[in-house]
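Trainee: Input: one structure, supplied below.
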Amino acid sequence: MDLDADGINDILSGCYSQSGHDDMVGSFWVLKGLGEGKFAKPTELMGTDGKLLCVHSKLDDRGAQMTENICTRPFAVDWDGDGDLDIVSGNFKGTFFVFTGEGKGKFQPKAVELKDANGDALKVSGVHSDPFVIDWDGDGDLDLVASSSTGEVIWAENTAGSDKPAAPTLSAFRTLIAAPGQSAKTPRASVEYTKGINDAYYLLDHGKVDEGEAAFQKLIESEPKLPDAYYHLACAYSRRASTMEGDEKEKQIIKTIKALSTAIEKGWTGYAHMERDPDMDLLRDRDDYLELLKSMTASKEPAGPAGSTRMWITDVNGDGRLDIIVGDRFSSGGQMRTDLTDEEKADYKAAMKEQSELQETFSETYGKYREEYEAAVKTADPALSKEEQAKLWRDKLAEPERKAFMDKYYKDMGKINERLTKYKVPYVSGGHVWLYKAKGAEPKTGN
């Protein structure tokens, strides 16, 4: 797009998190077009106040605001109908913000969150919201279409009307293309549901297992057809099982497997997530868990896009209807191979135990180092600058005893990982491009 209105197309990009700033920030980058297919070096986009353009210039709430501030995915469009390009951006959290343009590549610094007509924040069911603004239903005004980490494609209709050249009034999201393993009739998770999962994990992470399990149960009661809470309840059960012994532990593990099975039956498709989820570590060498994994991978052909998706909408085949192109990223591997001998399984389990113990020792010691460092920063007089704090931390880690500890940890961990690698399914990563051709005369009824 021609961001600065000089008649030459430019390139606009977001980023996950750019280094060199006090907080994590997914800044926006512009490669100014020079003509003849050439572009200038990328520069970070500044607001009209001369400061870095970002959703939150200061993080008052590092939990919620940080995920709104990173993994930016910008789309330049005249959102408010004033003739100047604005920026609609997605983020890690899965919400959307608009920066109002003032023309010639200048943008107001305040980011405004997109909400539906009821005042609720528009959010994808997963994370990594990727916006595309287009007249999807052919009624003459701009609608919002979006993809996400789940592989779904959804849209929010502009109900303001084409005769009103102002910022769109958007409906709640509706499903265009369901996430793999689901259908367009599968209910979408609400903002409250997603927040409830995050709140439940907060309880688990702070040792409140009973309260965490109860929170997941409440979510299941509120949306019994959604698979997510069943999976996360299984994670809570697994954490409890890890603190048990003997018959009680086995009963709890069976309870965990049952919850996982229910999640899969309800449409849970997060195979890649399960491969990396430490809450599944307790189950990885069990036959019943491996059978569940097999049931999720019975077909070697992927069912649809997954992972970090990006989307484009255009008439691919020239039939006058809008088609959707979705790119994704996938990864697999890392779990224990299913063809190991009993002796190899025993060595795998022993190595996993050694790895867990080594990580626990490291976390405890490293935590003490951080406490000492933070105490030194707090009591410093005069107060230390960011650069001085960073130097202090480097100097403390460089002390002979601490350096020896860190070096030994990385050496020992490297040996354990090398030992485990031969017992694991090799890691594979890549991506697909998916094409969804329009069906029927009206895009909103059949794309």
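The values are calculated or read from the model by the stated rules, or taken from the named source; none is laboratory data. As the structure is a computational prediction, the values presented were derived from the model and not from experiment. As a convention, Cβ positions derive from the backbone with ideal geometry for all residues, glycine included, and neighbour counts pool all protein chains shown. Heavy atoms of the whole protein, side chains included, go into the accessibility calculation; ligands, DNA and RNA do not. Shrake-Rupley method; radii C 1.70, N 1.55, O 1.52, S 1.80 Å.
Trainee: If a residue counts only when it is among the small types (Gly, Ala, Ser) and at pLDDT 90 or above, which helices (runs of 4 or more DSSP H) contained entirely in segment 198-317 have at least 1 such residues?
Mentor: 209-222, 228-241, 246-265
Trainee: Would it be correct to say that Thr175 is open to solvent by 20 Å² or more (accessible area, probe 1.4 Å), among the β-branched types (Val, Ile, Thr), under 29 Å from Trp268 (Cα atoms) and free of Cβ contacts under 8 Å to residues at least 24 places away in the same chain? Full working, then the answer.
Mentor: On the way: open to solvent by 20 Å² or more (accessible area, probe 1.4 Å): yes; among the β-branched types (Val, Ile, Thr): yes; under 29 Å from Trp268 (Cα atoms): yes; free of Cβ contacts under 8 Å to residues at least 24 places away in the same chain: yes.
In short, yes.
Trainee: Could you tell me how many of the residues in segment 74-106 are out of contact with any strand residue (DSSP E or B) (no Cβ under 8 Å at 6 or more places or on another chain), open to solvent by less than 10 Å² (accessible area, probe 1.4 Å) and within 20 Å of Gly7 (Cα to Cα)?
Mentor: Of the residues in segment 74-106, 0 are out of contact with any strand residue (DSSP E or B) (no Cβ under 8 Å at 6 or more places or on another chain), open to solvent by less than 10 Å² (accessible area, probe 1.4 Å) and within 20 Å of Gly7 (Cα to Cα).
Trainee: Oh, and also: Of everything in segment 1-15 that's touching a residue at least 40 places away in the same chain (Cβ under 8 Å) and outside any loop (DSSP other than H, G, I, E, B), which residue is least open to solvent (accessible area, probe 1.4 Å)?
Mentor: Leu12
Trainee: Would you please list the contacts, defined by Cβ atoms under 6 Å and residues six or more apart or on different chains, that run from a residue in segment 127-145 that is at pLDDT 90 or above to a residue that is among the hydroxyl-bearing types (Ser, Thr, Tyr) and surrounded by 19 or more Cβ atoms within 10 Å (Cβ to Cβ)?
Mentor: Taking only residues 6 or more apart or on different chains, the pairs are His128/Ser148; His128/Ser149; His128/Ser308; Ser129/Ser148; Asp130/Ser147.
Here's the yes/no breakdown for (1) aliphatic (A, V, I, L, M); (2) within 30 Å of His273 (Cα to Cα); (3) over 30 Å from the mean Cα position of the chain (by Cα):
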{"site": "Ser363", "(1), (2), (3)": "no, yes, no"}
{"site": "Glu388", "(1), (2), (3)": "no, no, yes"}
{"site": "Lys396", "(1), (2), (3)": "no, no, yes"}
{"site": "Lys403", "(1), (2), (3)": "no, no, yes"}
{"site": "Lys415", "(1), (2), (3)": "no, yes, yes"}
{"site": "Arg419", "(1), (2), (3)": "no, yes, yes"}
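Trainee: Select from segment 233-262 the residues that are open to solvent by 10 Å² or more (accessible area, probe 1.4 Å), touching a residue at least 12 places away in the same chain (Cβ under 8 Å), of a type in the set (Ser, Thr, Tyr) and closer than 30 Å to Glu357 by Cβ and list them in ascending order.
Mentor: Tyr237, Ser242
Trainee: Follow-up. Name every residue in segment 369-379 that is open to solvent by less than 50 Å² (accessible area, probe 1.4 Å) and either closer than 22 Å to His21 by Cβ or in contact (Cβ under 8 Å) with a residue 24 or more places away in the chain (or both), in order of residue number.
Mentor: Tyr369, Tyr373, Val377
Trainee: What pairs come out if I take residues in segment 267-294 that are in contact (Cβ under 8 Å) with a residue 60 or more places away in the chain and pair them with residues that are open to solvent by less than 20 Å² (accessible area, probe 1.4 Å) and small (Gly, Ala, Ser) whose C-beta lies under 7 Å away, six or more apart or interchain?
Mentor: Thr269/Ala179; Glu275/Gly334
Trainee: Open to solvent by 30 Å² or more (accessible area, probe 1.4 Å), out of contact with any strand residue (DSSP E or B) (no Cβ under 9 Å at 6 or more places or on another chain) and not in a helix (DSSP H, G or I), is that true of Thr338? First the steps, then the outcome.
Mentor: Details: open to solvent by 30 Å² or more (accessible area, probe 1.4 Å): yes; out of contact with any strand residue (DSSP E or B) (no Cβ under 9 Å at 6 or more places or on another chain): yes; not in a helix (DSSP H, G or I): yes.
Here the answer is yes, as Thr338 does meet what is asked.
Trainee: If you don't mind, there's one more thing I want to ask. Can you say whether Tyr230 is buried (at least 21 other Cβ atoms within 10 Å of the Cβ) and among the hydroxyl-bearing types (Ser, Thr, Tyr), as far as the supplied structure shows? Break it down stepwise before answering.
Mentor: Numbers: buried (at least 21 other Cβ atoms within 10 Å of the Cβ): yes; among the hydroxyl-bearing types (Ser, Thr, Tyr): yes.
Yes, satisfied.
Trainee: Would you tally the residues in segment 16-34 being within 17 Å of Gly105 (Cα to Cα) and loosely packed, with under 14 Cβ neighbours inside 10 Å?
Mentor: As a first pass, look at segment 16-34 and keep what is within 17 Å of Gly105 (Cα to Cα): 27-34.
Now restrict to residues that are loosely packed, with under 14 Cβ neighbours inside 10 Å: 34.
The qualifying residues number 1.
Trainee: Which residues, taken from segment 83-109, are without any contact (Cβ under 8 Å) to a residue 40 or more places away in the chain and part of a strand (DSSP E or B)?
Mentor: Asp86, Thr100, Gly101
Trainee: Within the set of pairs 6+ apart or on separate chains, which have a first residue in segment 330-345 that is at positive phi, a second that is among the charged types (D, E, K, R) and part of a strand (DSSP E or B), and C-beta atoms under 9 Å apart?
Mentor: Gly333/Lys424; Gly334/Lys424
Trainee: Quick check, is Glu44 in contact with a strand residue (DSSP E or B) (Cβ under 7 Å, 6 or more places away or on another chain) and open to solvent by 60 Å² or more (accessible area, probe 1.4 Å)? Outline the logic, then answer.
Mentor: Details: in contact with a strand residue (DSSP E or B) (Cβ under 7 Å, 6 or more places away or on another chain): yes; open to solvent by 60 Å² or more (accessible area, probe 1.4 Å): no.
Judged against the criteria, Glu44 is not a match.
Trainee: Among residues belonging to segment 318-329 that are in a loop (DSSP other than H, G, I, E, B) and at negative phi, point out the one that is most open to solvent (accessible area, probe 1.4 Å).
Mentor: Within segment 318-329, the subset in a loop (DSSP other than H, G, I, E, B) is 318-322, 328-329.
Now narrow it down to the ones that are at negative phi: 319, 321-322, 328-329.
Working: Asp319: 60, Arg321: 72, Leu322: 37, Asp328: 20, Arg329: 148 Å².
For segment 318-329, the residue satisfying everything is Arg329.
Trainee: Something else: Exactly one condition in (1) part of a loop (DSSP other than H, G, I, E, B); (2) out of contact with any helix residue (DSSP H, G or I) (no Cβ under 7 Å at 6 or more places or on another chain); (3) without any contact (Cβ under 8 Å) to a residue 40 or more places away in the chain is not met by Gln65; state its number.
Mentor: Among (1) part of a loop (DSSP other than H, G, I, E, B); (2) out of contact with any helix residue (DSSP H, G or I) (no Cβ under 7 Å at 6 or more places or on another chain); (3) without any contact (Cβ under 8 Å) to a residue 40 or more places away in the chain, the lone unmet condition for Gln65 is (1).
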